[in-house]
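Structure, as structure tokens:
The values are calculated or read from the model by the stated rules, or taken from the named source; none is laboratory data. Please read all numbers here as calculations on a predicted model, not as lab measurements. Every residue, glycine as well, gets a Cβ built from its backbone with ideal geometry; the counts of neighbours run over all protein chains shown. We work out accessible area using only protein heavy atoms, side chains counted, and drop any ligands, DNA or RNA first. Shrake-Rupley method; radii C 1.70, N 1.55, O 1.52, S 1.80 Å.
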Amino acid sequence: MTKALAEALRFLTAMPLPFAHSGGMPSRSMLFFFPAVGALVGCAGIAVHALLTRFFPDQLARVLALAFQVLVAGKFHLDGLADTADGFYGGHTKAEVLRIMSDPHVGVMGALALIFAVLIKASLYLALPAVSWVPALLVSAALGRAGMVLALTLPPAKATGLAAFLGCPGSRRPAVLSGACLVIMPLVFPGGLGWTVLLGSLGVAGAILLLAWKKIRGVTGDVCGAVNEVIECAVLASFLVRTV
């Protein structure tokens with residue numbers, strides 16, 4: 001269990017953990033800890049915000065907390081979003097889409113996706129009322145990573161890569177736990193907020209995965225990163241519309 005958690009931390013964050021898996025693909029058991037690692041990333045943002053509000057205005061502290069979370073999470077999720085946008089809107093056949101997604105360079109659609117994702121998330125961070133700030137950051141980061149595990153239950157779009165190694169059928173058991181994180185939202189947050197979070201998360205993730213199925217007949221690691229980003233934005237928006 002300790003090794004799997006360390007692998008999940010090393011895989012989903014930029015934190016140097018020498019005691020985790022080094023080299024090659026990590027074990028599938030780390031998928032169980034994806035939501036927990038997401039919650040830790042959310043905690044990092046909350047802690048940075050609490051520290052910075054002692055020296056800076058609240059709005060600046062929120063933006064800097066977002067920047068810190070991006071640094072902690074590394075480029076994995078945003079890079080996946082950019083590659084997915086470039087591939088889905090730049091290629092006409094499955095082979096073309098996958099080729100573009102594997103290109104390390106960022107195209108116009110990828111750049112636009114990054115800009116809008118960061119702007120939307122920053123706007124939501126600034127607009128959230130104080131009462132929603134902590135739970136919104138925790139839940140959005142956790143459910144974003146849970147969505148990645150659920151995405152891996154779809155067939156991999158290619159024979160190599162993250163989705164082929166970690167995905168279906170090896171991801172089915174972790175997906176049950178990740179799915180439970182979503183399903184219990186109406187119980188954790190009564191009064192309609194939990195349902196809004198649940199439906200919003202499933203709606204945006206479903207849209208990305210349907211598009212992935214249409215374009216490449218499966219998922220890749222990049223698609224998983226895109227799913228994380230859109231779920232985070234959907235959850236933050238859900239907290240905003242239900243608490244303002």
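Percent of accessible area on the chain owned by carbon and sulfur, 1.4 Å probe?
The value for the chain is 72 percent carbon and sulfur by accessible area.
Keeping all protein chains in place and using 1.4 angstrom, which order do S27, S123 fall into by accessible surface area, from largest down?
Highest to lowest solvent-accessible surface, that is S123, S27.
Could you tell me which residue out of F239, I208, V197 lies farthest along the dipole of segment 121-244 toward its positive end? Charges go on the beta carbon: Lys and Arg +1, Asp and Glu -1, centred on the Cα centre.
I208
Under a straight-distance cross-link criterion of Cα-Cα below 18 Å, which aspartates and glutamates are reachable from K121, leaving out those fewer than 8 residues away in the same chain?
Hits, sequence-local ones excluded: D58, D79, E229, E232.
Positive end of the dipole of the chain, charges at C-beta (+1 Lys, Arg; -1 Asp, Glu), about the Cα centre: which of A136, F55, A117 has its Cα farthest in that direction?
So the residue furthest toward the plus end is A136.
Per-residue counts of other Cβ atoms within 10 Å, averaged by peptide: what ranking do you get for 66-76, 104-114, highest first?
66-76, 104-114
Once amide H atoms are built 1.01 Å from N in the peptide plane, which residues 5 or more positions from G91, or in another chain, come under 5 Å H to H?
none
Would you mind classifying segment 72-179 by shape? Square roots of the alpha carbon gyration tensor eigenvalues, ordered a ≥ b ≥ c; an a/c under 1.5 is rounded, otherwise it is prolate if a/b is larger than b/c and oblate if not. Please list the in-between numbers first.
Details: a/c = 2.90, a/b = 1.23, b/c = 2.36.
Cα axes put segment 72-179 in the oblate bin.
Considering amide H positions built from the backbone, and no H for Pro or chain starts, which residues 5 or more places from V219, or on another chain, come under 5 Å of its amide H?
Correct list: A157.
Sum -39500 (n - 2.57) across every DSSP H segment of at least 4 residues in the chain, then divide by the residue count to get the 222 nm mean residue ellipticity, nearest 500.
My calculation for the chain gives -24000 deg cm²/dmol from helical runs alone.
Go through 52-59, 235-242, 126-133, 139-146 and give me the packing order, highest mean Cβ count within 10 Å leading.
139-146, 235-242, 126-133, 52-59
What does the charge count around Y125 come to, taking other residues whose C-beta lies under 12 Å from its C-beta (Lys +1, Arg +1, Asp -1, Glu -1)?
Details: positive: R62, K121; negative: D58, E232.
That works out to 0.
Among all the lysines, which ones have a C-alpha under 29 Å from K3's C-alpha, if same-chain residues fewer than 8 places away are not counted?
K3 reaches K75, K158.
So, for the chain, what is the accessible surface per residue at a probe of 1.4 Å, expressed in square angstrom?
Value returned for the chain: 47 Å² of accessible area per residue.
If you compute Kirkwood radius over Cα pairs in Å for the structure shown, which of (1) 19.9; (2) 25.8; (3) 18.0 do you land on?
Step by step, Kirkwood radius over Cα pairs in Å for this structure corresponds to label (3).
Can you give the extra length, in nm with one decimal, that the chain gains between H92 and F116 once fully stretched, where that is 0.36 nm per residue apart less the Cα-Cα distance?
Contour length minus the Cα-Cα distance gives 6.3 nm.
Dipole of the chain, Cα-centred, from +1 at each Lys and Arg C-beta and -1 at each Asp and Glu C-beta, to the nearest 20 debye? Mind showing how you got there, number by number?
On the way: 17 positive and 10 negative charges, 93 e Å.
Roughly 440 debye for the chain.
How big is the gap, in Å, between the Cα center of segment 179-193 and the Cα center of segment 97-175?
That distance is 20 Å.
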